[in-house]
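The structure appears below as structure tokens.
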Amino acid sequence: MDFHHRESRILPRAARDVQRCAGQTPTANLVPTTVAAGCAMPEGARMGRGESLLSLFPPGSDVDGEGMLRVGGCRADALAETYGTPVLVVAEDALRARAREYVDELAARWPRSRVVFASKAFPCTAVQRVMVEEGLGLDVAGGGEIVTALAAGVDPALLVHHGNAKGDEEIAMAVEHGIGLVVVDNADDVDRLEAAVPAGRTQDVLVRVIPGVTAETHAHVLTGHAGSKFGLEPRAAAELIRRIERSRRLTMRGLHVHVGSQILDVEPFAASVAPIAALGEFPVYDLGGGLGARYTYTDEPPSVAAYLDALIGTAREHLPAEAEVILEPGRSMVASAAATLYRVVTVKRGAITFVAVDGGMGDNLEVALFDQRFEAGIAGRLETADGEVVIVVGRHCESGDVLVDGVALDAPRVGDLVAVPATGAYCFTMANNYNGTRRIPVIFAAGGGARLVVRRESWADLLARDVV
Ligand SMILES: Cc1ncc(COP(=O)(O)O)c(C=O)c1O
């Protein structure tokens, strides 16, 4: 992974603001900031100061009589003591409740339906197992997610297999394990499937269609726009559908569409239905995932109900009533169910105050890859009205290794626990060993008890793949 280009380009927003306030030209610039007063506090964060940081933590989180954050009824300091830091804490009840909400809300609007969790958002066997226990299927993108899904006890018939570059081995795994639906992204998928499916058997497939819809989100997580690398434009899709319909090894079951991720309004989802409906009537329509999660005070993602009112409302207009509808939520299913706890390693005060913690882009790449803003607080002093505005940075050798760029923390000092909410999506899955860090553990917390579901990597794990 090469992030080195970022070192010269990215200067945290708060640092740029400090330079501006000092009458300097910011040394590196990406986006002009709107912040003037306060020098280093992003507008969104300042606007939100009246709001409770607690509201960004998993539902059911609270602060005990001593002012300590509790997730799943467990004190943050006790979790940190027992499991070390950084640690990813999942509120199991919140996770299960969200899964049920999705299933119930979809079934209420389209009874012949299925929710499949987009495993890529949190491909941890324990999380996939929760989804299976709650009656969901799993979307798997690649062999590794197939392996963990099977270990989680999923019925392979409830798996939906994705990928824009599925290799021979993955296609063979999908066929061998009897995966319910393989989503064909390109003609080479069809070649590979036809070669892999044994005589006398057939494989059900969907075809992924580019709906030509854009949405207000980071360009790196848009997928349904014209020119996307995922799926096929409608005309090419129609051709491939005709080929699949002639195949003796494949059964054409339906269509798939996915607009993108962290989408905070409902229109793009609704707009993606008509383009696929125009390709004809099929037994199955997979309408993807993409609903946004709440990371900051100012984020206002639609509720699952509002999202489905729009999406299924449009589906009723365009899709055959007897068809099965599948949804693939990832981010909105898991983001808010977890938080990460870090220990402050050093506080460097100057024109800017840097609070450096013991994790960073090794356990949260969302900031570096998508400019995602997170909030943070000191776990034992969460609700700070007039904290010191700081940049929370990680321990990695990149200036782009910023966890929160401009956030008010209450008198941060070495040894404090910093809690970052809404880290349930795409953090675990993009974790890496940059600078030889060990990937962090995952804890399930519920009802005041906690259990380790993924252990911290060991130093030995870092050597485990060496062959000399
Ligand atoms: C095909 C597909 N389905 C579902 C998802 C889940 O999206 P999200 O996590 O935004 O809900 C993704 C993520 O990019 C995807 O590529």
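The values are calculated or read from the model by the stated rules, or taken from the named source; none is laboratory data. As the structure is a prediction and not an experimental result, all values here were calculated from the model. Don't worry about glycine lacking a Cβ; one is built from the backbone with ideal geometry, like all the others, and counts go over all protein chains shown. Only protein heavy atoms, including side chains, enter the accessible area calculation; ligands, DNA and RNA are left aside. Shrake-Rupley method; radii C 1.70, N 1.55, O 1.52, S 1.80 Å.
This table checks each residue for (1) under 30 Å from Phe444 (Cα atoms); (2) part of a helix (DSSP H, G or I); (3) in contact with a helix residue (DSSP H, G or I) (Cβ under 6 Å, 6 or more places away or on another chain).
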{"position": "Tyr307", "(1), (2), (3)": "yes, yes, no"}
{"position": "Glu317", "(1), (2), (3)": "no, yes, no"}
{"position": "Ala321", "(1), (2), (3)": "no, no, no"}
{"position": "Thr346", "(1), (2), (3)": "yes, no, no"}
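You will find that of Gly135, Gly178, Gly153, Gly200, the residue that is free of Cβ contacts under 8 Å to residues at least 24 places away in the same chain, open to solvent by less than 60 Å² (accessible area, probe 1.4 Å) and part of a loop (DSSP other than H, G, I, E, B) is Gly178 and no other.
Is it true that some residue in segment 99-109 is modelled with pLDDT of 95 or more, touching a Gly at 6+ places or on another chain (Cβ under 7 Å) and within 24 Å of Ile312 (Cβ to Cβ)? Yes; the residues of segment 99-109 include at least one that is modelled with pLDDT of 95 or more, touching a Gly at 6+ places or on another chain (Cβ under 7 Å) and within 24 Å of Ile312 (Cβ to Cβ). Touching a residue at least 12 places away in the same chain (Cβ under 8 Å) and over 28 Å from Met430 (Cα atoms) - does that describe any residue in segment 285-297? Among the residues of segment 285-297, at least one is touching a residue at least 12 places away in the same chain (Cβ under 8 Å) and over 28 Å from Met430 (Cα atoms), which makes the answer yes. Return the residues of segment 181-194 that are away from the ligand (no atom under 15 Å from the Cβ), touching a residue at least 24 places away in the same chain (Cβ under 8 Å) and either crowded, with 20+ Cβ neighbours inside 10 Å or within 20 Å of Ile210 (Cβ to Cβ) (or both); say none if nothing qualifies. Matches in segment 181-194: Ala187, Val190, Arg192, Leu193.
The condition of being within 16 Å of the ligand (Cβ to nearest atom), surrounded by 21 or more Cβ atoms within 10 Å (Cβ to Cβ) and part of a helix (DSSP H, G or I) holds for Arg98. Is it true that some residue in segment 215-223 is away from the ligand (no atom under 11 Å from the Cβ) and surrounded by 16 or more Cβ atoms within 10 Å (Cβ to Cβ)? No, segment 215-223 has no match at all. Met430 meets the conditions (1) within 16 Å of the ligand (Cβ to nearest atom); (2) under 16 Å from Thr85 (Cβ atoms); (3) of a type in the set (A, V, I, L, M, F, W, C); (4) open to solvent by 30 Å² or more (accessible area, probe 1.4 Å) in every case but one. The failed one is (2).
If you filter segment 323-360 down to residues that are within 16 Å of the ligand (Cβ to nearest atom) and among the hydroxyl-bearing types (Ser, Thr, Tyr), you find that the one that is most open to solvent (accessible area, probe 1.4 Å) is Ser336. Regarding Lys229, is this residue surrounded by 24 or more Cβ atoms within 10 Å (Cβ to Cβ) and not in a strand (DSSP E or B)? It is false that Lys229 is surrounded by 24 or more Cβ atoms within 10 Å (Cβ to Cβ) and not in a strand (DSSP E or B).
Every residue, every condition in (1) touching a Gly at 6+ places or on another chain (Cβ under 9 Å); (2) outside any loop (DSSP other than H, G, I, E, B), yes or no:
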residue	(1), (2)
Phe269	yes, yes
Pro275	yes, yes
Glu281	no, no
Gly289	yes, no
Tyr295	no, no
Ala310	no, yes
Gly313	no, yes
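Pairing each residue of segment 375-389 that is surrounded by fewer than 18 Cβ atoms within 10 Å (Cβ to Cβ) with any residue that is of a type in the set (S, T, N, Q), provided the two are 6+ apart or on different chains, yields C-beta distances under 7 Å for Glu383/Ser52; Glu388/Thr353.
The set of residues in segment 439-451 that are on the phi < 0 side of the Ramachandran plot and either under 21 Å from the mean Cα position of the chain (by Cα) or open to solvent by less than 60 Å² (accessible area, probe 1.4 Å) (or both) comprises Arg439, Ile440, Pro441, Val442, Ile443, Phe444, Ala445, Ala446, Gly449, Ala450.
Comparison of Arg249, Arg243 shows that the only residue that is within 14 Å of Asp185 (Cα to Cα), touching a helix residue (DSSP H, G or I) at 6+ places or on another chain (Cβ under 7 Å), away from the ligand (no atom under 13 Å from the Cβ) and touching a residue at least 40 places away in the same chain (Cβ under 8 Å) is Arg243.
Taking the listed residues Val284, Val266, the one that is aliphatic (A, V, I, L, M) and either within 14 Å of the ligand (Cβ to nearest atom) or under 26 Å from Glu366 (Cβ atoms) (or both) is Val266, with no other qualifying.
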